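Taking it in order: structure first as structure tokens, then the write-up.
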Amino acid sequence: MRKKYSGIASCVIFFAVIIIFPVFCILKPDEKISVDERRQLAVFPEFSAKNIKNGSFMNGFDKYISDHFPMRRTFRTGKALNEFMVYRKKDNNDIYFSDGYAAKLDYKADEASLDYACRRFSYVYEKYLKDGNNRVFLSIIPDKNYFLSLSDGTPSMDYGMLVEKMTSGMPYARYIDIFPTLELEDYYRTDTHWKQEKITDTAMLIAEKMNFSISGDFSADTPDADFYGVYFGQTALPVKPEKISLLTNPTIESLSVFNYETGETTGVYDMSKAEGADLYEIYLSGPRSLMTIKNPLAENDRELIVFRDSFGSSIAPLLAEGFSSVTLADIRYIAPDALKNFAEFQDIENKDILFLYSTLILNDSDPIK
């Protein structure tokens, strides 16, 4: 008898879940973005005979249900905990934890990707920089996986080969080795990026090698908002948020930033991003194709052009003290040929040029145009 009632109860629970979850999914308001995963969620597909016939409706509906399933975050966390604690896996979605830091397994240098990056940078050099008596530099930002591999033997790529490949592929650029200025603690625990307050010595080294000066005297402000890095959402583990610090001094406070996408002029820190999905976008308003920082307190008329990825957003305000202007170009979002439409790239002469890229981008360089 007990088995009978137990079987009936199991059936009731099973059918209740089947009915309740879809009803709840239908009734609850749709969310537009996933803050954890930093992406837009699928929208309900258009219902039409054509879409049903070609299968696009069901494909879209499947993605929609997956993205809006009730308690999705809870189930993702449960899966992640199961992977790490029950099956004792070292990673989840290629993200692993070591010494309290989340990092991505990236243990093979992609030579084809490095070659492609060199070709695109060389195209920029030949088109804009070759004949202008410009001083060209290259600096490479290591992933924190580099430091974790040194401490615990985690598999990592051959960083020496990566650096050699890039420097030999860009013989026109003088290499600035910033690896010795960095350590694991200089990176966020749940994100790919470095901490601005930890890279003042890196900025000082770049200034020394490029023969300009910055004071190195900064104070730090810390917004109240919590920072959940990109790995927080990818791992789905219940990890603690972090804080972001913003370095400032009289020069940084005086800087103005012109955004060519919006036509607006702002400061270097965009506090409206404190309410967004990615707090790191406080630095120079996040991903932007082209912007110029003006320094009204500059003691010289030197100009710097930085070809960069997102790491450049937090170090650029520190370097700006040494120049009258700093132009930042992210050729993941703007094609090099389009740069000729802007005054900063017409008849470039006697300027300082810095290619500043992370190994994460160099080893996966397809987004570079």
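The values are calculated or read from the model by the stated rules, or taken from the named source; none is laboratory data. In this text, all values refer to a predicted model and were calculated from it rather than measured experimentally. Here Cβ is always computed from backbone atoms with ideal geometry, including for glycine, and neighbour counts include all displayed protein chains. Quick note on the areas: whole protein, heavy atoms, side chains included, nothing else; ligands and nucleic acids left out. Shrake-Rupley method; radii C 1.70, N 1.55, O 1.52, S 1.80 Å.
Given a Förster distance of 30 Å, report the FRET efficiency between SER215 and LEU105 from their Cβ-Cβ distance, rounded to the nearest 0.05. The partial results should precede the final answer.
On the way: r = 40 Å, r/R0 = 1.32.
After rounding, the FRET efficiency stands at 0.15.
Can you give the extra length, in nm with one decimal, that the chain gains between GLU185 and ALA225 once fully stretched, where that is 0.36 nm per residue apart less the Cα-Cα distance?
Numbers: separation 40, 0.36 × 40 = 14.40 nm, distance 2.07 nm.
12.3 nm is the gain from fully extending GLU185 to ALA225.
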Subject >> Cross-link pairs beyond the 23 Å C-alpha cut-off, checked among LYS108/LYS198; LYS104/LYS240; LYS243/LYS294; LYS108/LYS130; LYS144/LYS243; LYS104/LYS198 >> reply: LYS108/LYS198; LYS243/LYS294; LYS108/LYS130
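Quick one: net charge of GLY169's neighbours, Cβ under 11 Å, K/R +1, D/E -1? Kindly include the intermediate steps, with their values, before the conclusion.
Working: positive: ARG119, ARG120, LYS165; negative: GLU111, ASP115, GLU164.
Net of charged neighbours comes to 0.
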Original post:
Cα gyration tensor of region 207-287, axes a ≥ b ≥ c as square roots of the eigenvalues: rounded (a/c below 1.5), prolate (a/b > b/c) or oblate?
Top reply: prolate
Subject >> Highest-first arrangement of 336-344, 357-365, 248-256, where packing means the average Cβ count within 10 Å >> reply: 357-365, 248-256, 336-344
Original post:
Across region 210-219, in residue order, what do the Karplus-derived ³J(HN,Hα) couplings come to in whole Hz, using 6.51 cos²θ - 1.76 cosθ + 1.60 with θ = phi - 60° and x for Gly and Pro?
Top reply: 9, 6, 9, 10, 10, 6, x, 9, 10, 10
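Using 0.36 nm times the number of residues separating SER254 and GLU344, minus their current alpha carbon distance, what extension gain do you get?
Working: separation 90, 0.36 × 90 = 32.40 nm, distance 2.12 nm.
Fully extending the segment from SER254 to GLU344 adds 30.3 nm.
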**OP:** Straight distance only, please: which aspartates and glutamates reach the Cα of LYS165 with their own Cα at less than 18 Å, same-chain residues fewer than 8 apart left out?
**Re:** ASP106, ASP110, GLU111, ASP115, ASP143, ASP177, ASP364, ASP366
Original post:
Rounded if a/c is under 1.5, else prolate if a/b beats b/c, else oblate: with a ≥ b ≥ c from the C-alpha gyration tensor eigenvalues square-rooted, which is region 262-303?
Top reply: prolate
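For region 166-251, what % of the accessible area comes from carbon and sulfur atoms, probe 1.4 Å? Kindly include the intermediate steps, with their values, before the conclusion.
Values: 1770 of 3730 Å².
The nonpolar share, carbon plus sulfur, comes to 47 percent.
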Original post:
In nm, to one decimal, how far is the modelled label at ALA49 from the one at SER168, with both set 7 Å along Cα→Cβ?
Top reply: 6.4
Original post:
Considering amide H positions built from the backbone, and no H for Pro or chain starts, which residues 5 or more places from ILE305, or on another chain, come under 5 Å of its amide H?
Top reply: THR327, ASP352, ILE353, LEU354
**OP:** Find out how many positive minus negative residues lie around PHE227, taking Lys and Arg as positive, Asp and Glu as negative, among other residues whose Cβ is under 9 Å from that of PHE227.
**Re:** -3
**OP:** Give me the aspartates and glutamates in straight-line cross-link reach of LYS195: C-alpha distance below 12 Å, same-chain residues under 8 apart excluded.
**Re:** GLU183, GLU185, ASP186, GLU242
Original post:
Within a Cβ distance under 12 Å of MET204, other residues only, what is the Lys/Arg minus Asp/Glu net charge?
Top reply: -3
